[in-house]
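Let me begin by presenting the structure, written as structure tokens, before commenting on it.
The values are calculated or read from the model by the stated rules, or taken from the named source; none is laboratory data. None of the values given here were measured: they were computed from a predicted structure. Cβ placement follows ideal geometry from the backbone for every residue including glycine, while neighbour counts extend to all protein chains displayed.
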Amino acid sequence: MRIGLSNLPLLLALNIFPAGSWFLLVMLRIFGQALISGTLFSYVFVFSLSGGLASAILMFSLRRLCGSALLSLAGIGLAGSLASNAVQLGLAFFFVFGDGVRYLAPPFLSAGLVSGLALGLFAEAFTRKSRWYRLLEAGEPFPPVPETAISKTRQRAQDRVFGPVFLFAAGLVLMLIFLFTRSLKWQIIQFAFYTFLALLSGKRFKPLFTLLVMAGIVAGNLLAPFGKVLCSLGSLRITEGALFAGLGRALTLEGLFMLSAVFIRPGLRLPGFFGSLLARTFGIFSLMQEKKPHFKKGHIIEEIDNLLMDLSLPVS
């Protein structure tokens with residue numbers, strides 16, 4: 001049971017992308033999640049792929065058939081979430097739980113109902129208030145990444161010694177090693193090494209926030225216990241399997257963040273269309289890390305919109 005934040009860009013792209021580009025975004029989301037979570041070669045990926053495709057087909061069909069006048073993004077988000085959950089429950093019935101799925105269905109569908117509606121409402125509010133989104137929806141050409149937005153005086157030592165392509169290649173090798181490491185001990189060692197590199201390169205991050213994110217991921221995994229029971233906290237059983245799985249996912253997510261902070265630099269150039277798209281994506285990500293927006297209560301959409309405008313507008 002996840003809140004499905006990755007559906008948010010899909011909802012926003014419904015009014016902008018043609019069919020081919022939109023479904024490419026869907027597949028990137030599904031495979032990207034599987035790669036980061038380490039489930040690409042497991043049965044979990046089958047569940048994610050089936051649910052994701054069912055949700056995507058229904059959301060795209062509803063938008064094209066009903067339009068924005070008859071059905072809002074809140075309704076589409078709700079329908080997509082329920083479709084994904086229904087397909088996954090069906091697979092769980094046939095391959096995992098059998099009749100026992102009846103006990104899983106109520107909380108699973110309830111979570112999908114709440115998360116799908118919440119994300120849809122947020123997407124609807126964002127499309128109405130965002131200046132950046134209105135520019136895209138109007139068909140304005142997307143401005144190039146402002147590569148000079150970061151002052152040369154803030155360049156790190158490794159930027160002067162190694163070029164962006166070399167740093168990217170080194171980071172890619174380390175990322176692949178990290179993703180395919182299954183030993184929790186070696187994951188911890190690699191994570192500590194990447195954190196040290198991030199600090200050495202002058203990257204600033206909040207240790208408390210990092211720990212809170214990791215603790216949240218671990219806590220979420222503990223809600224689905226499996227393996228040897230280590231202890232009990234009331235009705236919650238802390239199991240070895242869930243604890244180790246949560247630690248592994250938390251280390252993977254934050255470790256990839258540290259790697260990106262160290263090895264992704266503006267000015268990256270890669271050959272071909274997809275190489276250019278990938279370089280542009282990483283360049284925007286790097287600039288987002290530099291800008292570090294401060295979200296204020298009641299002004300989240302405004303702050304996100306300002307950040308996207310800063311990243312998109314050409315430098316004068």
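You will find that of A118, A149, the residue that is modelled with pLDDT under 85 and either in contact with a Leu (Cβ under 7 Å, 6 or more places away or on another chain) or closer than 30 Å to S68 by Cα (or both) is A149 and no other. Quick check: is even one residue across the stretch 272-282 within 22 Å of F180 (Cα to Cα) and modelled with pLDDT under 75? Yes; the residues of the stretch 272-282 include at least one that is within 22 Å of F180 (Cα to Cα) and modelled with pLDDT under 75.
Just so you know, in the stretch 241-253 the residues that are in contact with a Leu (Cβ under 7 Å, 6 or more places away or on another chain) and either free of Cβ contacts under 8 Å to residues at least 60 places away in the same chain or farther than 26 Å from I177 by Cα (or both) include one that is surrounded by the fewest Cβ atoms within 10 Å (Cβ to Cβ), and it is L243. Residues in the stretch 84-106 that are part of a helix (DSSP H, G or I) and either among the small types (G, A, S) or farther than 22 Å from L58 by Cα (or both): 14 in all. Only one entry of I217, I238 meets the criterion of being surrounded by 13 or more Cβ atoms within 10 Å (Cβ to Cβ), in a strand (DSSP E or B) and of a type outside the set (D, E, K, R), and that entry is I238. Consider the stretch 183-204 and keep the residues that are in contact (Cβ under 8 Å) with a residue 60 or more places away in the chain and among the β-branched types (V, I, T). The one that is surrounded by the most Cβ atoms within 10 Å (Cβ to Cβ) is T195. Looking only at the stretch 283-316, filter to residues that are polar (S, T, N, Q) and modelled with pLDDT of 65 or more; which one of those is nearest to R131 (Cα to Cα)? Restricting to residues being polar (S, T, N, Q) and modelled with pLDDT of 65 or more, the top hit is N306. Residues in the stretch 169-202 that are in a helix (DSSP H, G or I), β-branched (V, I, T) and over 26 Å from P271 (Cβ atoms): 3 in all. Just one of (1) of a type in the set (S, T, Y); (2) in contact (Cβ under 8 Å) with a residue 24 or more places away in the chain; (3) surrounded by fewer than 17 Cβ atoms within 10 Å (Cβ to Cβ) fails for S232. It is (2).
A quick yes/no check of all residues on (1) more than 13 Å from G255 (Cα to Cα); (2) touching a strand residue (DSSP E or B) at 6+ places or on another chain (Cβ under 8 Å):
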| site | (1), (2) |
| --- | --- |
| Q190 | no, no |
| Y194 | no, no |
| L208 | yes, no |
| S232 | yes, yes |
| I238 | yes, yes |
